[in-house]
Amino acid sequence: MSEASRREVRAGLEACLARLWRYAVVLSRTRDAADDLVQATCLRAIERADQFVPGTRLDRWLFSILRSIWLNEIRARKIREGGGLVDAEEALTSDGAKAVETNILAAEVFRVIGRLPEAQRETVLLVYGEGFSYAEAASALGIPVGTVMSRLAAARSALAKLK
């Protein structure tokens, strides 16, 4: 195992946890499943740290691991969506008037995005929520860039109709 890879993975994991959890909630739509996904992602990242290329984007690598674990769970359990949806307001914190306004807006955004089909939902989160480029999102999702653009266009159209 490359010592540099292991050090970089361990040093960067904590900073990515909140973002990983948000992505896991968007995918799984349940708090417990999101917690399990993030834990499994961290474990796999530590176990396979030698596969990480030092100097590259750790967050992108972790998002790919999380998504892979999620897809494997879907295949294994044959689930698409479950009960126990996470209320976005519960997942957000508040301290101060500006933070409360931000959380209200974020909660509304999560509710609306939650109405989208899974493929659009995860693409929207990666590109608009996490700042992935189209190419990075395509790589993380294992799809062509054109499919990312199509999903985003369809999501924008669906969101416009929900107003």
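Only residues that are more than 12 Å from the chain's Cα centre (by Cα), part of a helix (DSSP H, G or I), in contact (Cβ under 8 Å) with a residue 40 or more places away in the chain and buried (at least 20 other Cβ atoms within 10 Å of the Cβ) were counted across region 114-154, and they come to 1.
Considering region 58-69, the residues that are free of Cβ contacts under 8 Å to residues at least 40 places away in the same chain and in contact with a helix residue (DSSP H, G or I) (Cβ under 8 Å, 6 or more places away or on another chain) include one that is surrounded by the most Cβ atoms within 10 Å (Cβ to Cβ), namely ILE65. For first residues located in region 3-14 and in a helix (DSSP H, G or I) and surrounded by fewer than 15 Cβ atoms within 10 Å (Cβ to Cβ), partners that are at pLDDT below 90 and not aliphatic (A, V, I, L, M) and lie 6+ apart or on another chain with Cβ distances below 7 Å form the pairs ALA4/PRO54. Which of (1) touching a Phe, Trp or Tyr at 6+ places or on another chain (Cβ under 9 Å); (2) at pLDDT 90 or above; (3) surrounded by fewer than 18 Cβ atoms within 10 Å (Cβ to Cβ); (4) under 18 Å from CYS16 (Cβ atoms) does ALA91 not meet, given it meets every other one? With (1) touching a Phe, Trp or Tyr at 6+ places or on another chain (Cβ under 9 Å); (2) at pLDDT 90 or above; (3) surrounded by fewer than 18 Cβ atoms within 10 Å (Cβ to Cβ); (4) under 18 Å from CYS16 (Cβ atoms) applied to ALA91, the lone miss is (2).
The values are calculated or read from the model by the stated rules, or taken from the named source; none is laboratory data. Predicted, not measured: the structure shown is a model, and the values here were computed from it. No Cβ is skipped: glycine too gets one built from the backbone with ideal geometry, and neighbour counts run over all protein chains shown.
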